[in-house]
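Would you mind keeping the following structure in view while I ask a few things?
The values are calculated or read from the model by the stated rules, or taken from the named source; none is laboratory data. Being a predicted model, the structure only gives us computed values, none of them experimental. Glycine also receives a Cβ, built like all others from the backbone with ideal geometry; neighbour counts cover every protein chain displayed. These area figures cover heavy atoms from the full protein model, side chains too; ligands, DNA and RNA do not enter into them. Shrake-Rupley method; radii C 1.70, N 1.55, O 1.52, S 1.80 Å.
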Amino acid sequence: MESLKDVCIERAPHRLEAAYGEIFTKGALQFLQDLFTEFDSEVEKLLRRRLERQLYIKQGKWKPEFRNNSEELDWKINDLPARLRNRKLDLGDVSPANTTNFIDSLYAKVQGIQVDFDDGHCPTWRNTVQGLYNVTKAVHAGLPGAPANIQDCPILMLRPRAFNMIEHHCMINGKQVVGPLFDFAILMYHNANLMADLGVGPYFYLSKIEGPNETQLWNKIFTWTEHRLNLRSGTIKACVLIENILAAYRMEDILHSIKEHAIGLNCGIWDYSASIIAKFGDRPDFMIPDRNKYVNMGQPFLKNYMTLLIHICHKRGALATGGMAAKILPSGKGSNNVIDEIVNGVKAAKSVEIAAGVDGFMIYDLRMVDAINDLWDWKCPTENQLQCLPDVDHVTGFSLIKIPEGGVTLEGLNNNITVALLFIYHWLTGSGVFYLNGAVEDSATAEISRSQIWQWIRHKAPIEGKSDLYVTRAMVYTMLEGIIAKAYKSWCNSIPDRKRLLSSKYILLEIISSRSYIEYITTYLSDSHKFRTLHNKNDGLESKL
């Protein structure tokens, strides 16, 4: 390993020596060390606060009440720069380590790109180095095949890892660095000043936030960085993803805590739904039914959450954005009718969000951009919908946890097992996303899938339409065997692939059988011996354990 003072960082992956050398300069490592020294103790406080919050819930003390100290105050976020006033369409789940897709995205006619080091990214050391390098070269007009001027590209909405993730390949003062500080420091050191000079950033998505204490920490990090890099105060901007049920009750304070640096708030569906299981899933009255059949944005607990988010954002001059349309268009002859059907389905679903007042949302498939741009031109000719202030008198604390009625189906269970299994499989290959049944799957759908399996086993959920049939570990095991047998007959043919799929099966069984709910599947996988040994050994790295 190479070292600089108290910074110990893993050496370069094979064939990335030059990229590694450009990214991990002495100046960059010094900046990372200074950022770590300044804020690591506060990160530890944040993580302890999460544990305290969870204990508070376990003790039955938590109540579904809105507690926002800033609610009665007269305030708005700082004015948004011109490039951020229109946030209608972003490309989601764009891992910068996927060089081809990243470059293609830079040419897209969208407002932004979710440059993802989190949900759509698998943090192998190779992927992390490649991703940081690609972003930096793109900003500096040095990425082959990319546009020569970053000002001509969509805005890069950088999404660092969340506080649950650790960068195992870097230690400072004898301690591993949390992923978000690592990603943020390297990205900012190389790109912040140029992005600011060109008026294209630096702008961020912030993931997995639980409360205003966490965005307050990010606000401190932003302010410290602006001072350190001689950036004008408020240059850094961020959109906060409200993908945790606890954060939904503190949205106003979350936005207030970062108001100098705020773009707005974002709402999704699957991470948010999984968080209900994470916090309350050991209680049978919080059992979420088959997600494909009964869970959608029309359900009161999700519709009210989105309505409240829009109201709070617009009341404070901030933008409210929705989740990602995960559909993928088919290729080949004779697919035009199918394509039209898929596009029309996406447009219908997103029209509901536009009517509700959102200022933007994401899609995954580049080929859908023109159709969705046409939809926005038709539904909303202005830059945004800040003038829309939906009524929230009907939104109560209890309405956000009103679990939809419905049961568990064998088809839904099979789908959840398949998604969770294949996510783990692809994670072991080094990919954070995969395609299944005409849609992209990422860690968000993996989270809800494995969470529902765990919850249904825990509460012995009855199977809809099948008398005396319940979800058990044995049933899941039998269905897993059937899914794997089909894979062997179709796409999983080589010995390495079959070994990887078997490893995925055993990892999934560990997760769904755990006595206590495992908070994040990505943390569990990233910290696992199997994952780290596999990728570090392939890249000839020292830290195989």
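Can you classify segment 245-401 as rounded, prolate or oblate using the Cα gyration tensor, where a ≥ b ≥ c are the square roots of its eigenvalues, rounded means a/c under 1.5, and otherwise it's prolate if a/b beats b/c and oblate if not?
Note, shape of segment 245-401 comes out oblate.
While we're here: May I ask for the net charge around residue 457, where only other residues with Cβ less than 14 Å from the Cβ of residue 457 are counted and Lys, Arg are +1 while Asp, Glu are -1?
+3
Once every DSSP H run of n ≥ 4 in the chain is given -39500 (n - 2.57) and the sum is divided by its residues, what mean residue ellipticity at 222 nm do you get, rounded to the nearest 500 deg cm²/dmol?
Here the helix-only value at 222 nm equals -15500 deg cm²/dmol.
Further question on the same structure: Going Cα to Cα from residue 5, which lysines come in below 20 Å? Please leave out same-chain ones fewer than 8 positions away.
In chain and number order, the partners are 26, 175.
Could you work out the local net charge near residue 366, counting Lys and Arg as +1, Asp and Glu as -1, over the other residues with Cβ closer than 11 Å to its Cβ?
My count for the surroundings of residue 366 gives -1.
While we're on this one: Can you tell me the relative contact order of segment 221-295? Whole percent, Cα pairs under 8 Å, sequence separation 6 or more.
27 percent
Could you check the simple spin-label distance between residue 109 and residue 523, using points 7 Å along Cα→Cβ, in nm with one decimal?
The answer from the label model is 4.3 nm.
Another question, then. Among 421-428, 506-513, 477-484, what's the highest-first ranking by average C-beta atoms within 10 angstrom per residue?
421-428, 506-513, 477-484
To continue, here is another question. What residues have an amide H closer than 5 Å to that of residue 205, excluding those fewer than 5 places away on the same chain, when H is modeled at 1.01 Å from N in the peptide plane?
Excluding prolines and chain starts, which carry no amide H, the hits are 158, 159, 239.
Here is a further query. So, counting K/R as plus one and D/E as minus one, what does the shell of residues with Cβ under 12 Å around residue 161 add up to?
-3
In addition: Antiparallel as a % of all DSSP beta bridges within the chain, to the nearest 5?
35 percent
What residues of segment 21-65 lie in the reach of a label at residue 173, counting those whose backbone N is under 12 Å from a point 7 Å from the Cα along Cα→Cβ?
Zone members listed by number: 33-44.
For the chain, which whole-number percentage of the solvent-accessible area (1.4 Å probe, protein heavy atoms only) is attributable to carbon and sulfur atoms?
Accessible surface attributable to carbon and sulfur in the chain totals 51 percent.
Would you kindly derive the ³J(HN,Hα) couplings of segment 271-285 from the backbone phi angles with the Karplus curve 6.51 cos²θ - 1.76 cosθ + 1.60 (θ = phi - 60°), listing them in order in whole Hz, with x for Gly and Pro?
Here the 3J(HN,Hα) series is 4, 4, 5, 5, 5, 5, 5, 4, 8, 10, x, 7, 9, x, 6 Hz.
What are the residues whose amide H is under 5 Å from the amide H of residue 178, where those residues sit 5 or more places off or on another chain and H is modelled from the backbone?
167
Per residue, how much accessible area does segment 186-317 have with a 1.4 Å probe, in Å²?
That works out to 27 Å² for each residue.
Something else: Run the reach check for residue 315 against aspartates and glutamates, Cα to Cα strictly under 15 Å, same-chain hits fewer than 8 apart removed. What comes back?
In chain and number order, the partners are 71, 72, 74, 79, 252, 253, 359, 391, 393.
Mark the label point 7 Å from the Cα of residue 67 along Cα→Cβ and return the residues of segment 239-266 whose backbone N is within less than 15 Å of it.
It comes to 246-254, nothing else.
Kindly provide the pair-distance distribution of segment 105-238 built from C-alpha pairs, with 5 Å bins from 0 and whole-percent values in order of increasing distance.
Calculated P(r), rounded to whole percents: 2, 10, 20, 23, 22, 15, 7, 2, 0, 0.
Quick one: which residues, 5+ away or cross-chain, put their amide H under 5 Å from the amide H of residue 436? H built at 1.01 Å from N.
Under 5 Å from the amide H of residue 436: 441.
With N residues in segment 357-489, what two-decimal value do you get for its Cα radius of gyration over 2.2 N^0.38 Å?
1.41
When only Cα pairs under 8 Å and 6 or more residues apart are kept, what is the percent relative contact order across segment 407-514?
Computed value for segment 407-514: 34 percent relative contact order.
Here is a follow-up. Among [x] -0.48, -0.62, -1.06, -1.19; [y] -0.41, -0.53, -0.94, -1.09; [z] -0.38, -0.50, -1.01, -1.24, only one was calculated for this model; which label is it, if the read-out is log10 I(q)/I(0) by the Debye sum over Cα atoms at q = 0.07, 0.08, 0.11, 0.12 Å⁻¹?
Computed from the coordinates, log10 I(q)/I(0) by the Debye sum over Cα atoms at q = 0.07, 0.08, 0.11, 0.12 Å⁻¹ corresponds to [z].
Which value, in Å² and to the nearest 10, is the accessible area of residue 26 when all protein chains are kept and the probe is 1.4 Å?
Ignoring ligands and nucleic acids, residue 26 comes out at about 150 Å².
Going 7 Å from the Cα of residue 379 toward and past its Cβ, which residues in segment 251-293 have a backbone nitrogen under 20 Å from where you end up?
Counting only backbone N, you get 264-270.
Report the relative contact order of the chain, percent, no decimals, based on alpha-carbon pairs under 8 angstrom and at least 6 residues apart.
Relative contact order of the chain: 16 percent.
What do you get for chymotrypsin sites (Phe, Trp or Tyr not before Pro) in segment 41-149 restricted to DSSP loop and a cutoff of at most 16 other Cβ within 10 Å of the site's Cβ?
Qualifying residues, ordered by number: 62, 66, 75, 107.
A 23 angstrom limit on the alpha carbon distance is what I want to check against. Which of 460/489; 88/279; 58/460; 88/109 exceed it?
The answer is 460/489; 88/279.
Continuing with this model, one more query. Give, in nm to one decimal, the length gained when the segment between residue 338 and residue 194 is fully stretched (0.36 nm per residue of separation minus the Cα-Cα distance).
The residue 338-residue 194 span can extend by a further 47.5 nm.
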